[in-house]
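Report on the structure given below.
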Amino acid sequence: MIKIKQLSLAATIAALLSTNVAFAAPANDTADLAQPDSNYFAATQYKDAKAPLNSYGAIDVQKNVPESIQVPKAPEEAGGVNGVPEALAQKWKQEGTFLPNIKAESYILFDASTGQVIASHDANKRMAPASTTKLMLLYIVEQKLADGSISLDSKVEVPQVAWHTGGSRMFLKPGSFVTVKDLIQGVIVESGNDAAVTLANYVAGSQSSFVSMMNATAVQLKMHNTHFTTVMGLPAPAHFSTAYDLGVLGQHVMNDFPQYFHWYGQKEFEYNHIRQPNFNRLLFTYKYATGMKTGSTKAAGYSLVSSAAMPGNPMKLVAVVLGTKSLNDVAAESKALLTYGFRFFKQDTMYQADQKISDQKVWGGQQDNVAVGLDKNLTLVLPSGVNEKELESKITYDADIKAPVSKGEKLGEMSVSYQGKVIQTEPLVALNKVDEGSWFTRIIASITLYFHKLFASYHL
């Protein structure tokens, strides 16, 4: 049973100030004292970065791009290890939580419903994203599908430059026409660079224009430490991302356009009588895997953005594992990370969005009360061993509520505590509007409120 207490703002502040901090501080490298600048976006930098082209105008896969050029050193504004929110595995150490042993250069695990980081290691480290880049291409294509700019049945002519782009391919013939639906499957399943180039040219007119769209979208999604130079992830100057940013992108791919997400779990695809299996071997080795995208480069190794859902479990997880030695390794480490998340953490939704939590007095309104609740679900991600009966909710109102009140207007806060320590705070909002009452009603309310405050000051 969850207890709800209503406290004054002053009482709540005093309680918070007198509360000892129970959670462990992030295990930051003392040598890395950089703090993230919320206004810094790598996507707006590196304007002179250009992809190397072959004689056909396609990305030159034979060109050697040194890792230091592809992945330039991050400035202090990127935040270093502090550029990633503290993981729940760190916050809940007093409950016996621990970080998993994942053999990779960088990893992160998200609860995709809340965006909370469950576990991470070096997740703000810049690395070459390789074909995980295609998640951004696909996200933008799905945006265009959703707003009606393009359709799945639209037939797209394959440009010559697509044929001359090396690497993994869907085996498209230049001059032929392919549906957007087939191109999407060719990008996801076969990681087709030719399909990626064809889609980019179709949507934006050129690869360079589409790259500009990708970087602009990175800013919109708050991917602070990512910059794109190619549409498909082939090596190029200043083409990098981080486990954290790729995880943010993966959550948007899953949550923003769920009508298209089933394609990410497709195990094989046949086009032009050529059948190819998905490079994502996690789909074949982990029954709870739901999809997403692989990538590999010689410099950065094998990487995977993956997702999973378990029947009967409300959690949806997104994992990013960067820098392993093989496709089998990245699938195995991703499975280990996802299994860790489901086994050692759980999700608890205490209140639904728009659920009435209380009615509160409104002074000077056409109605005497306003319904108060939350504008989004209050969902917690907790260690499996936490007893939900020990969770306590407290409501604090900003001030006496006076008409007019707009629907959605912030009126206070709800804080959730565990064993006396605040673990999450969400704004309380008005669930309905209350218009001003008549002139006479407002006068009476003002007088009544004055004496109400006067008596309260004397504790009468």
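Of the residues 216, 300, which single one is at negative phi and either open to solvent by 30 Å² or more (accessible area, probe 1.4 Å) or touching a Lys or Arg at 6+ places or on another chain (Cβ under 8 Å) (or both)?
216 is the lone residue from the list that is at negative phi and either open to solvent by 30 Å² or more (accessible area, probe 1.4 Å) or touching a Lys or Arg at 6+ places or on another chain (Cβ under 8 Å) (or both).
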Single residue of 135, 145 found to be in a helix (DSSP H, G or I), touching a residue at least 40 places away in the same chain (Cβ under 8 Å) and in contact with a Ser or Thr (Cβ under 9 Å, 6 or more places away or on another chain): 145
Residue under question is residue 203, and the condition is that it be crowded, with 24+ Cβ neighbours inside 10 Å, hydrophobic (A, V, I, L, M, F, W, C), closer than 13 Å to residue 141 by Cα and in contact (Cβ under 8 Å) with a residue 24 or more places away in the chain; does it hold? no
Restricting to segment 212-247, give me the number of residues that are free of Cβ contacts under 8 Å to residues at least 40 places away in the same chain, under 21 Å from residue 71 (Cα atoms) and in a helix (DSSP H, G or I). 2
Right, residue 145: of a type outside the set (Val, Ile, Thr), surrounded by 18 or more Cβ atoms within 10 Å (Cβ to Cβ), farther than 13 Å from residue 196 by Cα and within 22 Å of the chain's Cα centre (by Cα) or not? yes
Starting from segment 35-58, keep only residues that are closer than 19 Å to residue 162 by Cβ and free of Cβ contacts under 8 Å to residues at least 60 places away in the same chain, then list their pairs with residues that are among the charged types (D, E, K, R) and part of a loop (DSSP other than H, G, I, E, B) whose Cβ atoms are within a distance under 6 Å, requiring at least 6 positions of separation or different chains. 53/60
Only unsatisfied item for residue 111, checking (1) under 15 Å from the mean Cα position of the chain (by Cα); (2) among the acidic types (Asp, Glu); (3) open to solvent by 40 Å² or more (accessible area, probe 1.4 Å), is (3)
Could you please let me know if residue 364 is more than 19 Å from the chain's Cα centre (by Cα), exposed (fewer than 15 other Cβ atoms within 10 Å of the Cβ) and over 26 Å from residue 242 (Cα atoms)? no
Among the residues of segment 60-72, are any surrounded by 15 or more Cβ atoms within 10 Å (Cβ to Cβ), hydrophobic (A, V, I, L, M, F, W, C) and closer than 30 Å to residue 168 by Cβ? yes
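Each row is one residue, and each column tells you yes or no for (1) assigned to a helix (DSSP H, G or I); (2) of a type in the set (Asp, Glu); (3) touching a helix residue (DSSP H, G or I) at 6+ places or on another chain (Cβ under 6 Å).
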position	(1), (2), (3)
259	yes, no, no
262	yes, no, no
276	no, no, no
292	no, no, yes
308	no, no, yes
Filter pass, residue 257 being of a type outside the set (Ser, Thr, Tyr) and either buried (at least 23 other Cβ atoms within 10 Å of the Cβ) or under 19 Å from residue 190 (Cβ atoms) (or both): no
Complete set of residues in segment 398-442 that are over 15 Å from residue 358 (Cα atoms), open to solvent by 70 Å² or more (accessible area, probe 1.4 Å) and not in a loop (DSSP other than H, G, I, E, B): 402, 436, 439, 440, 442
Only one of 110, 171 is at pLDDT 95 or above, of a type in the set (A, V, I, L, M, F, W, C) and closer than 30 Å to residue 344 by Cα; which? 110
Evaluation of residue 69 against (1) under 22 Å from residue 302 (Cβ atoms); (2) part of a loop (DSSP other than H, G, I, E, B); (3) at pLDDT 95 or above (one fails), failing number: (2)
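The values are calculated or read from the model by the stated rules, or taken from the named source; none is laboratory data. No experiment lies behind these values; they were computed from the predicted model shown. When we count neighbours, we look across all protein chains shown, and the Cβ atoms used for this are built from the backbone with ideal geometry, even at glycine. Ligands, DNA and RNA are excluded from the accessible area calculation, which covers all protein heavy atoms including side chains. Shrake-Rupley method; radii C 1.70, N 1.55, O 1.52, S 1.80 Å.
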